[in-house]
Structures are given as structure tokens and as C-alpha cells.
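Engineer: The structure follows.
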């Protein structure tokens, strides 16, 4: 399953830690947004790792599943995403 994980984290160090965790599992598509393809149990593990890095009373993480039906409706405008150091 593909997921879009987006976050709003106030602390710079915590934000960097979360980005490092997410970059192990997916591709950054915006500054605070990653696209991840994984099984649900792996997503749960990712979120557990992140939970220990953020202040849950002020920060937020949103996970949106990207269904097969939604995939064909994705529209990208502007510069493409970066994969392996190259802009697509």
C-alpha cells in the first residue's frame, strides 16, 4: 500500500529526526511530506518510531492512504520530486 505522510513539527531537531526516519522508507515529495510504499505493519512500526520523537500535544502527523483508484488521479505541477538525487 502507498501512503502520503505529512507532518507539522515545531522543533527543528525533532523535525529532522522524523525526516530521517521517513527517508529510510520512502521518497520526500515536499519539505514536510513523504510518499511511502509499505505493508500496514511496517507503517505501524514507522509511526511508533516517530511517536517517540515528537511532542504529541503540539505537533501533528497525518497519514493518507493512496488507493489504486486515487493513483490515477494524482496531478503534479511545478518541479518534479527528487529520486536518488535527481529531479524527475
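Engineer: Determine which single condition residue 14 fails, assuming it passes every other condition in (1) in contact (Cβ under 8 Å) with a residue 40 or more places away in the chain; (2) part of a helix (DSSP H, G or I); (3) in contact with a helix residue (DSSP H, G or I) (Cβ under 9 Å, 6 or more places away or on another chain).
Structural biologist: For residue 14, the failing item is (3).
Engineer: For the stretch 24-50, how many residues meet the condition of being assigned to a helix (DSSP H, G or I), touching a strand residue (DSSP E or B) at 6+ places or on another chain (Cβ under 7 Å) and under 26 Å from residue 75 (Cα atoms)?
Structural biologist: Summing the residues that are assigned to a helix (DSSP H, G or I), touching a strand residue (DSSP E or B) at 6+ places or on another chain (Cβ under 7 Å) and under 26 Å from residue 75 (Cα atoms) in the stretch 24-50 gives 1.
Engineer: If you don't mind, another one. Which one of the conditions (1) loosely packed, with under 11 Cβ neighbours inside 10 Å; (2) modelled with pLDDT under 80; (3) more than 19 Å from residue 1 (Cα to Cα) does residue 57 fail to meet, given that it meets all the rest?
Structural biologist: Exception for residue 57: condition (2).
Engineer: Please count how many residues of the stretch 30-43 are under 17 Å from residue 17 (Cα atoms) and surrounded by 10 or more Cβ atoms within 10 Å (Cβ to Cβ).
Structural biologist: Matching residues across the stretch 30-43 total 7.
Engineer: Shifting gears a bit: Restricting the stretch 60-78 to residues that are out of contact with any strand residue (DSSP E or B) (no Cβ under 8 Å at 6 or more places or on another chain) and in a helix (DSSP H, G or I), which is surrounded by the most Cβ atoms within 10 Å (Cβ to Cβ)?
Structural biologist: Taking the stretch 60-78 as the starting set, the residues that turn out to be out of contact with any strand residue (DSSP E or B) (no Cβ under 8 Å at 6 or more places or on another chain) are 67-70, 72-73, 75-78.
Now narrow it down to the ones that are in a helix (DSSP H, G or I): 68-70.
Values: 68: 8, 69: 7, 70: 12.
Result: 70.
The values are calculated or read from the model by the stated rules, or taken from the named source; none is laboratory data. Values in this document were obtained by computation on a predicted structure and should not be read as measured data. Here Cβ is always computed from backbone atoms with ideal geometry, including for glycine, and neighbour counts include all displayed protein chains.
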